[in-house]
Amino acid sequence: MLQHRVQISQAVLDLTSKIQLKAGCLIFCPAGHKLDEILSILDTGFNLYTFKKVLEDLARDYHLDYLLIDSHPGIEKDTLLSMALCDYLVLISRVDQQDLFGSGVMTEVASQLQKPVVLILNMVPSSVSEKEAGKIADRLAELFHLHVLTALPFNSDVLENLSKGVFVLERPKDPLTRRFTEIAMKMLEAIETGPADDHSASRPTSQPLA
């Protein structure tokens, strides 16, 4: 789409019936996987106007309430373009030094772009208790001046389920599914009202909001 080789309808996968959603819809636009397409993007790139128009057309044609852009980590051109166009930035970071350093850099960039940003801690080791994870979240909230939505524990079942199905639909009563529900509700709340200024609100909880 970004190189005007295909129409939006040709690039969109409608997953609504496949995952048997009871309400709403879910569409997915995968990145190009052909080598010549990847090399072409790397060589010529794509501009802000083109990217913005594609997103606007997607939202209009499919009546989207929310459009999520999954960008790779690091300060690359496409990442910066995504950040420039987004209304809200969600950083996902493990609790190792390298990931947290990168999150700090991305937070600074988001600040320069005047974009609201929240952080999700991911794959927290089982050796870290929920109480300790809460303390880590509080420290990061204070250090980065942002809101930490939650801390997700490492779960091998999720890794085993990758590309096989949708974890939260197949295991609706799993504690991690309740945590994902919590994240979704908090993100919607943050988008509507803005992240809480009180850093104590960043402490993870195992109870879902809905």
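The values are calculated or read from the model by the stated rules, or taken from the named source; none is laboratory data. Predicted model only: the values in this text are computed from it and were never measured. Neighbour counts are summed over all protein chains in view; Cβ atoms, including those assigned to glycine, are modelled from backbone coordinates with ideal geometry.
Annotations
- Scanning the stretch 129-144 for residues that are within 21 Å of the chain's Cα centre (by Cα) and among the small types (Gly, Ala, Ser) yields Ala133, Gly134, Ala137, Ala141.
- The stretch 1-29, residues that are within 19 Å of Ser82 (Cα to Cα), at pLDDT 80 or above and either loosely packed, with under 13 Cβ neighbours inside 10 Å or in contact with a strand residue (DSSP E or B) (Cβ under 6 Å, 6 or more places away or on another chain) (or both): Val12, Ile27, Phe28
- Any hit, the stretch 154-165, residues being among the acidic types (Asp, Glu) and free of Cβ contacts under 8 Å to residues at least 12 places away in the same chain: yes
- Some residue of the stretch 84-94 being without any contact (Cβ under 8 Å) to a residue 24 or more places away in the chain and either surrounded by fewer than 15 Cβ atoms within 10 Å (Cβ to Cβ) or in contact with a helix residue (DSSP H, G or I) (Cβ under 7 Å, 6 or more places away or on another chain) (or both): no
- Subset of the stretch 97-136 (residues that are touching a residue at least 60 places away in the same chain (Cβ under 8 Å) and in a loop (DSSP other than H, G, I, E, B)): Pro116
- Residues located in the stretch 140-163, provided they are assigned to a loop (DSSP other than H, G, I, E, B) and either surrounded by 21 or more Cβ atoms within 10 Å (Cβ to Cβ) or β-branched (Val, Ile, Thr) (or both): Leu146
- Failed criterion for Ala137 (all others in (1) at pLDDT below 90; (2) in contact with a Pro (Cβ under 7 Å, 6 or more places away or on another chain) hold): (1)
- Annotation: Lys53 fulfils all but one of (1) more than 19 Å from the chain's Cα centre (by Cα); (2) modelled with pLDDT under 80; the unmet one is (2).
- Just one of (1) assigned by TED's automatic domain parsing to the domain that holds His145; (2) β-branched (Val, Ile, Thr); (3) surrounded by 16 or more Cβ atoms within 10 Å (Cβ to Cβ) fails for Val105. It is (3).
- Residue satisfying condition, being crowded, with 16+ Cβ neighbours inside 10 Å and not hydrophobic (A, V, I, L, M, F, W, C), within set Asp70, Asp99: Asp99
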